[in-house]
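Asker: Here it is, the structure in full.
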Amino acid sequence: PELQSAATQAETVAEKLLASLNQPFELDGAQHYSTPSIGITLFGDERLTVDELLKRADLAMYQAKAAGRNTQRFFDPDMQAAVNARSNLEADLRQGLARNELLVHYQPVVDHHARLMGAEALVRWRHPQRGMISPGDFIPLAEQTGLILPLGQYVLQTACEQLQRWSQHDSTAHLSISVNVSARQFRQAGFVAEVLQTLKSHNADPRKLKLELTESLLLGDIEDTIARMVQLKSEGVGFALDDFGTGYSSLSYLKRLPLDQVKIDQSFVRDVLSDPNDAAIVRTILALAKSLDLEVVAEGVETTGQLSFLRLHGCEGFQGYLFGRP
Ligand code: C2E
Ligand code: MG
Ligand code: MG
């Protein structure tokens, strides 16, 4: 009960602090606003050092920041466990990168005659103890920690090497490779130069490289995004908007981005035959892409039924287990 009342009091104090720090203030004649994040930890009978207490409050504060700032959070032990697991995984991933445990698999992308047009590069982590780990389990962490930068560069290099090898044979010279690029990677200073340099050093044809961006990029500085895309496009590099329909898409932005392709997210394809809403979304995306003169690739095509539906409504590019696993 004492702890409970201490918690209530701390919360009240934090609310008061937030309210007053939220008042706009004037500095040098200009209006400023701040959005503080407050971390709170309680201590009672348990004997903890000042350092440990401050560390806990600090963790709670980062939790408040992650919750969108301008709020307060209490430290709790689950938070600590999650933080520990994360930092172990981070250390592991850092080592994994250094020890070449990351590898790239390719998944075929086919046209409406089921002819191979190219492939998507999908990264995997062959962990010495945990076996093969899929990107969904480490890409978010890599994004948060900045490890996505060396990781992304590794995938890009690997894809460029592959393009160069494919260019040597008549049967594979036409194939393109799509590489996923996360927002953080795309926004880093020097990204454009890095891509062009990687293509050049592997003697790979820029017109065979497609970068897959997600809608989250539209949330950032849109002018900067367009400028970067235009620079790469002028060298021949193509662009696809990945997981289309799942995120934030402003149609007016969509029109302004120099895109070549949109990829219909697999979550719409999965139930396209049974869920009328998904069917409507897929038809709408196909019509929209057509009017904007964009290629479409449907992702996650697993059955001939899904394929027939997609073809019937004008889809001309397909990717999924029906044609090949990564
Ligand atoms: P994504 O770019 O949308 O890739 C498609 C995902 O769908 C892949 O999952 C692929 O294995 C899976 N998939 C393909 N066909 C089918 C199908 O018929 N049925 C089902 N159920 N799934 C199918 P994966 O390889 O686990 O990758 C997950 C996500 O991780 C990717 O989604 C992409 O966003 C991200 N990712 C993968 N490699 C990289 C990378 O090198 N860099 C970055 N930044 N992200 C990556
Ligand atoms: Mg993709
Ligand atoms: Mg996708």
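Asker: Taking the alpha-carbon centroid of each part, what is the distance from the stretch 222-244 to the stretch 11-28 in angstrom?
Answerer: 41 Å
Asker: Under a crude label model (7 Å from the Cα following the beta-carbon direction), how far is R47 from A6 in nanometres?
Answerer: The modelled label-to-label distance comes out at 1.6 nm.
Asker: Taking only protein heavy atoms into account and a 1.4 Å probe, give the accessible area per residue of the chain in Å².
Answerer: Solvent-accessible surface per residue comes out at 55 Å².
Asker: Most mobile of S252, S178, S216 per a Gaussian network model of the chain (Cα springs, under 10 Å)?
Answerer: Of S252, S178, S216, the Gaussian network model singles out S252 as fluctuating most.
Asker: Report the accessible area of R56, computed with a 1.4 Å probe over the heavy atoms of all protein chains in place, in Å² rounded to the nearest 10.
Answerer: 50 Å²
Asker: Report, in listed order, any pair from K65/K255; K255/K290; K210/K290; K200/K290; K65/K263 with a Cα-Cα distance greater than 24 Å.
Answerer: Violating the 24 Å Cα-Cα cut-off are K65/K255; K200/K290; K65/K263.
Asker: Output the relative contact order of the chain, whole-number percent, from Cα pairs under 8 angstrom with separation of 6+ residues.
Answerer: Relative contact order here is 12 percent.
Asker: What percent antiparallel are the DSSP beta bridges of the chain, to the nearest 5?
Answerer: Antiparallel: roughly 40 percent of the beta bridges in the chain.
Asker: For the stretch 73-205, what percent of Cα pairs sit more than 26 Å apart?
Answerer: Taking all Cα-Cα pairs of the stretch 73-205, the fraction more than 26 Å apart is 34 percent.
Asker: Once label points are set 7 Å from the Cα along Cα→Cβ at both S134 and Q197, what is their separation, rounded to one decimal in nm?
Answerer: For the pair S134/Q197, the computed spacing is 3.5 nm.
Asker: Could I ask something else about it? Starting from 0.36 nm per residue, how many nanometres of slack lie between A189 and R115 once their C-alpha separation is accounted for?
Answerer: Here the segment from A189 to R115 would lengthen by 22.8 nm.
Asker: Helix-only mean residue ellipticity at 222 nm, the chain, DSSP H runs n ≥ 4 weighted -39,500 (n - 2.57), per residue, nearest 500. What is it?
Answerer: -14500 deg cm²/dmol
Asker: Residue-wise, which Karplus ³J(HN,Hα) couplings in Hz belong to the stretch 167-178, taking 6.51 cos²θ - 1.76 cosθ + 1.60, θ = phi - 60°, and x for glycine or proline?
Answerer: The phi angles translate into 5, 7, 10, 4, 6, 10, 4, 7, 6, 10, 10, 9 Hz.
Asker: Here's a follow-up. Of G300, T198, T12, which is farthest on the positive side of the dipole of the chain, counting Cα position, with +1 on Lys and Arg Cβ, -1 on Asp and Glu Cβ, and the Cα centre as origin?
Answerer: T198
Asker: In debye to the nearest 20, how big a dipole does the chain give about its Cα centre with +1 on each Lys and Arg Cβ and -1 on each Asp and Glu Cβ?
Answerer: 800 debye
Asker: Sort L54, L254 from largest to smallest accessible area, using a 1.4 Å probe on the heavy atoms of the protein chains.
Answerer: Of L54, L254, the descending order of accessible area is L54, L254.
Asker: Further, regarding this structure: Any idea what log10 I(q)/I(0) is at q = 0.27, 0.29, 0.30 Å⁻¹ for the stretch 267-326, Debye with uniform C-alpha scatterers and no solvent?
Answerer: Listed by q, the Debye log ratios stand at -1.16, -1.29, -1.35.
Asker: Given R₀ = 22 Å, what would the calculated FRET efficiency be for S308 paired with T172, taking r from the Cβ atoms and rounding to 0.05?
Answerer: Efficiency, from the Cβ-Cβ distance: 0.15.
Asker: Measure nothing fancy, just the Cα-based angle from helix 222-234's long axis to the longest principal axis of the chain, in degrees from 0 to 90, nearest 10.
Answerer: 30 degrees
Asker: What percentage of the solvent-accessible surface of the chain, computed with a 1.4 Å probe over protein heavy atoms, is contributed by carbon and sulfur atoms?
Answerer: Carbon and sulfur together cover 51 percent of it.
Asker: Another question about this same structure. Could you derive backbone 3J(HN,Hα) for the stretch 93-108 from the dihedral phi with the Karplus parameters 6.51, -1.76 and 1.60 (θ = phi - 60°), listing whole Hz in sequence and x where the residue is Gly or Pro?
Answerer: With coefficients 6.51, -1.76 and 1.60, one gets 5, 4, 5, x, 5, 5, 9, 6, 8, 8, 9, 10, 9, 10, 10, x Hz.
Asker: Still on this model: Given just the C-alpha atoms of the chain, how large is their convex hull per residue in cubic angstrom?
Answerer: 208 Å³
Asker: Could I ask something else about it? Suppose a student asked you for the relative contact order of the stretch 55-124, using Cα pairs under 8 Å spaced at least 6 residues apart; what percent would you report?
Answerer: 19 percent
Asker: When each pair of different Cα atoms in the stretch 89-150 is counted once in the 1/r mean, what is the Kirkwood radius in angstroms, to one decimal?
Answerer: 12.9 Å
Asker: Now a separate question. Relative to the present Cα-Cα distance, how much length would full extension add between A82 and L322 at 0.36 nm per residue of separation?
Answerer: Extending this stretch completely gives an extra 82.6 nm.
Asker: Where the eigenvalues come from the Cα gyration tensor of the stretch 70-116, what are the semi-axes √(5λ) of the equivalent ellipsoid, largest first, in whole Å?
Answerer: Value: 40, 20, 8 Å, ordered largest first.
Asker: Okay, moving on. Could you check the simple spin-label distance between K16 and K255, using points 7 Å along Cα→Cβ, in nm with one decimal?
Answerer: 5.3 nm
Asker: Turning to a different aspect of this structure: Expressed as a whole number of Å, what is the distance separating the alpha-carbon centroids of the stretch 145-183 and the stretch 254-326?
Answerer: For the stretch 254-326 versus the stretch 145-183, the Cα centre distance is 24 Å.
The values are calculated or read from the model by the stated rules, or taken from the named source; none is laboratory data. Here the structure is a predicted model, which is why all the values come from computation and not from measurement. Using ideal geometry, Cβ is built from the backbone for each residue, glycine included, and neighbour counts are taken over all protein chains shown. For accessibility, only protein heavy atoms count, side chains too; no ligands or nucleic acids. Shrake-Rupley method; radii C 1.70, N 1.55, O 1.52, S 1.80 Å.
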